[in-house]
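Below is one structure, written out as structure tokens; comments come after it.
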Amino acid sequence: MHAFKQDDTPQPAPGRRNFLLGAPALVLALGSLSTSTRATAAPYGLPPLPYALDALAPVLSADTLAYHHGKHHKAYVDNLNRLTTGTDFAGLPLDEIVLRSARHATHAAVFNNAAQVWNHNFYWQSLRPQGGGEPPAELKRRLEEAFGSVAACKKELATASASQFGSGWAWLVADGERLRVVKTSNADLPLTQGLRPLLAIDVWEHAYYIDYQNRRVDYANALLDRLINWEFALENLHRRA
Ligand code: FE2
């Protein structure tokens, strides 16, 4: 994994030992979907951005990252702590909360906030400064097998981003050995469908409106051309459940 630059964004809560502490911890969480490791008690923390606030400019401005990470992402973390403290969910790994609360109407608020924490943790790592460009050779071969070309994969991701009605996410996923593009609504995520996420594009308006107003497809294409973290996708592809 490339070296992430830390900045002065909020730090995770002290004493929290695992799943929300940044890229290495998320790697463990992704690799433990079927092993269910119990964590210590909440509160969950807000992982720092893996780069400086202005590191993705001009594609994504420092203002966008400040609001998106410091306000929106933080609010999901705060809500998750408020909703789970003192419940059976408290202290469970984030992915386990997501899977246990999914499709249960009585746990909809827990699911929405836990999933949005998971999604945003994953989204920040799906981007990197000076990203885009040519994927690593192994991933490029897999993308060509699945989509015909890297350009066709990017086009499908941009189309999924633009065509998602309302808020949601576009994803590159592994469906068994097959790579696919899927989109999800609101907080939903591929984990609930048994799919392995490789990359995420946040298509909620808060992700792009400061910089792109209503031009969501321009935002998606800019991310794919200049920020997408193909190396992170390959790392996720190598992880087996
Ligand atoms: Fe978001």
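The values are calculated or read from the model by the stated rules, or taken from the named source; none is laboratory data. Everything numeric in this text was worked out from a predicted model, so none of it was measured. Here the Cβ is made from the backbone with ideal geometry for all residues, glycine too, and neighbour counts use every protein chain on show.
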Looking at Ala55, is it at pLDDT 50 or above, surrounded by 14 or more Cβ atoms within 10 Å (Cβ to Cβ), of a type in the set (A, V, I, L, M) and within 16 Å of the ligand (Cβ to nearest atom)?
no
Working carefully through the options Leu179, Leu189, find the one that is modelled with pLDDT of 95 or more and within 14 Å of the chain's Cα centre (by Cα).
Leu189
So how many residues does the stretch 211-234 have that are more than 18 Å from Thr64 (Cα to Cα) and either more than 14 Å from the chain's Cα centre (by Cα) or part of a helix (DSSP H, G or I) (or both)?
6
Taking the conditions exactly as written (away from the ligand (no atom under 14 Å from the Cβ), in contact with a Gly (Cβ under 9 Å, 6 or more places away or on another chain), in contact (Cβ under 8 Å) with a residue 40 or more places away in the chain and not in a helix (DSSP H, G or I)), does Pro50 satisfy them or not?
yes
How about the stretch 58-74: which of its residues are within 15 Å of the ligand (Cβ to nearest atom) and assigned to a helix (DSSP H, G or I)?
Asp63, Thr64, Leu65, Ala66, Tyr67, His68, His69, Gly70, Lys71, His72, His73, Lys74
Quick check on the stretch 193-241: of everything there that is surrounded by fewer than 17 Cβ atoms within 10 Å (Cβ to Cβ) and touching a Gly at 6+ places or on another chain (Cβ under 6 Å), which residue is farthest from Ala158 (Cα to Cα)?
Arg239
Going by the conditions given, is Ser185 more than 16 Å from the ligand (Cβ to nearest atom), of a type in the set (Ser, Thr, Tyr) and surrounded by fewer than 21 Cβ atoms within 10 Å (Cβ to Cβ)?
no
Take the conditions more than 16 Å from the ligand (Cβ to nearest atom), over 14 Å from Trp118 (Cα atoms) and surrounded by 16 or more Cβ atoms within 10 Å (Cβ to Cβ) and apply them to Ala102. Does it pass?
no
Scan the stretch 78-91 and give yes if some residue there is assigned to a loop (DSSP other than H, G, I, E, B), at pLDDT 50 or above, of a type in the set (Ser, Thr, Tyr) and within 16 Å of the ligand (Cβ to nearest atom), otherwise no.
no
For the stretch 105-129, which residues satisfy the criterion of being away from the ligand (no atom under 16 Å from the Cβ) and either without any contact (Cβ under 8 Å) to a residue 60 or more places away in the chain or in contact with a Phe, Trp or Tyr (Cβ under 6 Å, 6 or more places away or on another chain) (or both)?
Ala105, Thr106, His107, Ala108, Ala109, Val110, Pro129
Just one of the numbered conditions (1) surrounded by 15 or more Cβ atoms within 10 Å (Cβ to Cβ); (2) more than 25 Å from Thr64 (Cα to Cα); (3) of a type outside the set (A, V, I, L, M, F, W, C) is not true of Thr159; which one?
(2)
